[in-house]
Amino acid sequence: MSLPASPHLHGNALTDGIEAVSQEKQDELIRQYDAESNFRRLAGPVALLVTLLCVVLSTFHVYTAGFGLLVEIKHRTFHLAMVLGLVFLVFPRAPLAAGAAARARGWGMALVFAAFYLYLAWDLVSRFSDSGELKHGWAYLLLVGCIALATLPIPQLHGGRHGGLHAGSSASHKVAWLDWPMALAAASVSAYLLLFFDDVFVARVGSPIAQDYLMGVLAIIMVMEATRRAMGPMLPAIGMVCLLYALFGRYMPGVLAHRGYTVVRLVNHIYVGTEGIYGIAVGVVATYVFHFVLFGVLAQMTGLGKLFMDLATIAAGRYSGGPAKVCVVSSGLFGMISGSPVANAVTTGALTIPMMKKYGFSARFAGAIEASASCGGQVTPPVMGASAFVMAEMLNIPYKELALIAIVPALFHYLACLSMVHLEARRLGLKGVDAALIPKIGFVIRRAWHLFIPLIALVTLLLLDYTPFLAAFWGIVLTVVCSYIPLLTRRLGVGELEGQTLTPRLLVKGFEEGAKSALAIGAVCACVGLILGTLTLSGLGFKFSGAVVELSADLAHWLVAIDVSGLLDERGAQVFFGLLFVAVACILMGTGIPTTPTYIILASIAAPALVKLGVPLLATHFFVFYYGVLADVTPPVAMAAYAAAGIAGSEPMRTGLTAFRLSMGKALVPFMFVYTPSLLFIGFKADEFAMAIVSGVVCVIALSAAYIGYFRAPLAGWAKAVLTVAGLTLVVNDWRLDIVGISIVTLVLWRNSRQASGPSLTTSAA
């Protein structure tokens, strides 16, 4: 989920005189790196129609959140009918990249999808034609044939020479004539279940008719095509592979083989029920995620971004490298409600990155800090990204409990970011922000106290165990109501509150932006449901888990066999290799795929492997969640870092590598709470928790100093190597290793401090 760029981040005294990145540049970067926010710029009657549909969708969710949800499947089908239909109107077709090779790949991918759609339709029609249950199969094949043809990048089929198929063309922001029937077809597959609910789910439950199966195949096709339109081909390609595996499993070799399933069986499992498309992923989006996206959009429109910037400046601006620390805190706060690292990096980075460069940080470091801090928002309570709501649902634990558990891991992430910012600032000899430029806390509260009311109400309701969507409902209502307080006080001549009033016109805009921001994640989660449905049906998830366990055991046995010291434990080595394999899988899966689908898929297929290895279930899910987030700053596909590099004017790959190192807190913390479950309050032991906190803090400081190469004085090469090795040993929950590691780190840092020669050395190091 993402938030639109906001004009309300300016106005802080710290940023006066700094030219922020233009709105046009921000929009360009978001379209380039954040597929979720790559919306058409519509005009005229089409824009009015899209606005109306978006407002209807947002109003539906606000009403049901406050006054009661529909029957589960009805709620999900209405939501998905609106989402899938709007996707084809709001998102342009992906442009063909320049170059013959890239164009060939684009054509090749489109042809593969078209052929797959035709095969599914032909297989289903042929089965029913043989039994005589289907009289007009040719018409259905013609319909799917038109959809398959529409997937091909033929300009003449999409509104002329360009038709949205060439980057930068103005036609890409017009709804092509083929997009209208695609939108209608996409909406119809869910509307069908809603309109004929009693027939499908009551009268003929367990025995669908031919018409149900035809709509089911069409649903599979339209979900994949909508996801391809909104997020690119990566996730739909995975879905296609899973479907082919389910269909042709009997031809697979070895342990991958299974009996195979017909299209009829697949549709019955994926479409008519809650095990596939309309499963838990869509359910969470239709209840929790959408409401928090809408709340975030409306809160940001009222001026919440400026408030976060002011609070961050007060909290961190006066210390060494103050602007970068302000960036870490403000981006974390903003990312907490936005949920999109890329959109957050662009929106807040448009101001914070130029600010950091002005105060002495390199372009590469400034972009990397913004990217790392923006990703941290997804793991920051009380409002985390969509994945947190899915996790609460999958683990069947209250969201309040999950948010409380996430506090310690989030603190470690920000400790790592702030430590490296501080050491880099000291290495460069940078000072904090002048006290005259830091706003007073009393002044900020007097000017923006009304903006705290919705946040306080939302968090309070979550802590009181109210449902997240009810908490979001009151957050939305209070955001709208409280936005009128400045208007009221000005008319009464009492005080001078700041903030934007959500007039009916702005409220309509907010409802539209909120709905648009939730479209991509809605389509993606439907595709994830399709993938999970095939995985559970074919048993591929269990086979993956078994393969991870077996391979980890083999590597652990080999490592222990060559260990001459006898210190290695085979069981511990097996767990380590299992964690390593899952971490790599998360990062690879996260290349070009949002955090939420990455988490859902890997939590379903990888979590059982770690559980078999003795890892607690909660720790397993947190492990997958954290590494899914880390993918946004992990090269070669580090979208948040690349977007930040576009603002900073730095080299994208180097910025991505720096962002990854700055995000080591998210890379190491998952291993820490696996080895020390007390950090997640699993089997809590006070002594174990305290030792883990101490060793974790020392680990972060050691690795931060090693990466920056400075601790009160430049570090020698051998010192950086020793700090790295000693810091990594502190990840493992072993009091003997902790004592040795802490002692070595303390000794090296103390020795380096003794060598510090005052300001002259600091200046020369710069």
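Of Ala237, Phe196, Gly254, which is farthest on the positive side of the dipole of the range 169-308, counting Cα position, with +1 on Lys and Arg Cβ, -1 on Asp and Glu Cβ, and the Cα centre as origin?
After comparing all options, I get Gly254.
Expressed in nm to one decimal, what extension gain is obtained for the pair Arg259 and Phe689 from 0.36 nm per residue of sequence separation less their Cα-Cα distance?
150.0 nm
Roughly what angle does helix 407-428 make with the longest principal axis of the chain, taking Cα atoms, 0 to 90 degrees, to the nearest 10?
50 degrees
Could you name the aspartates and glutamates in cross-link range of Lys612, using Cα to Cα under 14 Å and dropping any fewer than eight places away on the same chain?
The reachable aspartates and glutamates, counting only those whose Cα sits under 14 Å from Lys612, are Glu550.
Between Ser743 and Leu470, how many nm apart are label points set 7 Å from Cα along the C-beta direction?
With each label point 7 Å from Cα toward Cβ, the separation is 5.6 nm.
Starting at the first residue of the range 452-468, write each ³J(HN,Hα) from the Karplus equation 6.51 cos²θ - 1.76 cosθ + 1.60 with θ = phi - 60°, in whole Hz, x for Gly and Pro.
These are the phi-based 3J(HN,Hα) values: 6, 4, x, 5, 4, 5, 4, 5, 4, 5, 5, 5, 8, 6, 6, 5, x Hz.
Can you give the angle from 0 to 90° between the axis of helix 639-648 and the longest principal axis of the chain, with both taken from C-alpha atoms, to the nearest 10?
Roughly 60 degrees, rounded to the nearest 10.
What distance in nm lies between label points placed 7 Å from Cα along the C-beta direction at Val725 and Leu506?
Inter-label distance under the simple model: 6.0 nm.
Simple spin-label model, 7 Å along Cα-to-Cβ: Glu72 to Leu580 in nm?
In this crude label model, Glu72 to Leu580 measures out at 4.1 nm.
Over the Cα atoms of the range 318-471, compute the convex hull volume and normalise it per residue, giving Å³.
117 Å³
Which FRET efficiency, nearest 0.05, do Val46 and Tyr484 yield, Cβ-Cβ r, R0 25 Å?
0.20
Take the Cβ-Cβ distance between Val494 and Leu184 as r, set R0 to 41 Å, and report the resulting FRET efficiency rounded to the nearest 0.05.
0.15
Dipole magnitude of the chain about its Cα centre, charges +1 at Lys/Arg Cβ and -1 at Asp/Glu Cβ only, in debye to the nearest 20?
Here the size comes out at about 1460 debye.
What range in the chain is the longest one free of GluC sites (Glu not before Pro) that are in a loop by DSSP and have at most 16 other Cβ atoms within 10 angstrom?
Excluding the exposed sites themselves, the longest stretch runs over 134-495.
If R₀ is 25 angstrom, what is the calculated FRET efficiency for the pair His136 and Arg204, using the beta carbon separation as r and rounding to 0.05?
The formula returns an efficiency of 0.80 here.
Once amide H atoms are placed 1.01 Å from N in the peptide plane, what residues at a sequence separation of 5 or more from Leu96, or on another chain, have their amide H within under 5 Å of its amide H?
The answer is His166, Ala167.
Take every Cα-Cα distance within the range 583-765, group them into 10 Å bins from 0 onward, and report for each bin the whole-number percent of pairs it holds.
Bin by bin from 0 Å, the calculated values are 10, 29, 32, 23, 7, 1.
Mind checking the full-extension length gain between Trp449 and Val611? Use 0.36 nm per residue of separation minus the Cα-Cα distance, one decimal, nm.
Gain on stretching Trp449 to Val611: 53.7 nm.
Taking 26 Å as the cut-off for C-alpha to C-alpha distance, list the pairs among Lys174/Lys516; Lys174/Lys306; Lys543/Lys685; Lys325/Lys440 that go past it.
Among Lys174/Lys516; Lys174/Lys306; Lys543/Lys685; Lys325/Lys440, the Cα-Cα distance tops 26 Å for Lys174/Lys306; Lys543/Lys685.
Compute the angle between helix 504-538 and the longest alpha-carbon principal axis of the chain, please, reported from 0 to 90 degrees and rounded to the nearest 10.
Roughly 70 degrees, rounded to the nearest 10.
Per-residue counts of other Cβ atoms within 10 Å, averaged by peptide: what ranking do you get for 726-733, 453-460, highest first?
Going by the mean number of other Cβ atoms within 10 Å, highest first, we get 726-733, 453-460.
Using only alpha carbon pairs under 8 Å that are at least six residues apart, calculate the relative contact order of the chain and give it in whole percent.
Relative contact order of the chain: 18 percent.
Please turn the phi angles of the range 261-267 into ³J(HN,Hα) values with the Karplus equation 6.51 cos²θ - 1.76 cosθ + 1.60 (θ = phi - 60°), one per residue in order, whole Hz, x for glycine and proline.
10, 7, 4, 4, 5, 4, 4
Once phi is turned into θ = phi - 60°, what whole-Hz ³J(HN,Hα) does the Karplus curve with 6.51, -1.76 and 1.60 give for every residue of the range 734-746, x standing for Gly and Pro?
9, 4, 5, 5, 4, 5, 5, x, 4, 5, 5, 4, 4
Per residue of the chain, what 222 nm ellipticity follows from adding -39500 (n - 2.57) for every DSSP H run with n ≥ 4, rounded to the nearest 500?
One gets -22500 deg cm²/dmol as the mean residue ellipticity at 222 nm.
Please give the contour-minus-distance gain from Asp123 to Leu111: 0.36 nm per residue of separation, less the Cα-Cα distance, rounded to one decimal in nm.
2.5 nm
Enumerate the aspartates and glutamates that Lys358 could reach by cross-link, defined here as Cα to Cα under 17 Å, with residues fewer than 8 away along the same chain left out.
Partners within reach: Asp16, Glu19, Glu370, Glu424, Asp434.
Go through Tyr675, Phe622, Ala603 and say which Cα lies farthest out towards the positive end of the charge dipole of the range 583-765; charges sit on Cβ, +1 for Lys and Arg, -1 for Asp and Glu.
Tyr675
What does the charge dipole of the range 583-765 about its Cα centre add up to, to the nearest 20 debye, if the Cβ of each Lys and Arg holds +1 and the Cβ of each Asp and Glu holds -1?
Roughly 360 debye for the range 583-765.
Dipole magnitude of the range 40-105 about its Cα centre, charges +1 at Lys/Arg Cβ and -1 at Asp/Glu Cβ only, in debye to the nearest 20?
For this selection, approximately 360 debye.
Amide H neighbours of Tyr710 under 5 Å, at least 5 residues apart or on other chains, H built in the peptide plane: list them.
So Tyr710 has HN proximity to Leu715.
Quick note: the coordinates plus some simple rules give every number you see, no bench work behind them. Note that the structure is a prediction, hence the values are computed from the model and not measured. When we count neighbours, we look across all protein chains shown, and the Cβ atoms used for this are built from the backbone with ideal geometry, even at glycine.
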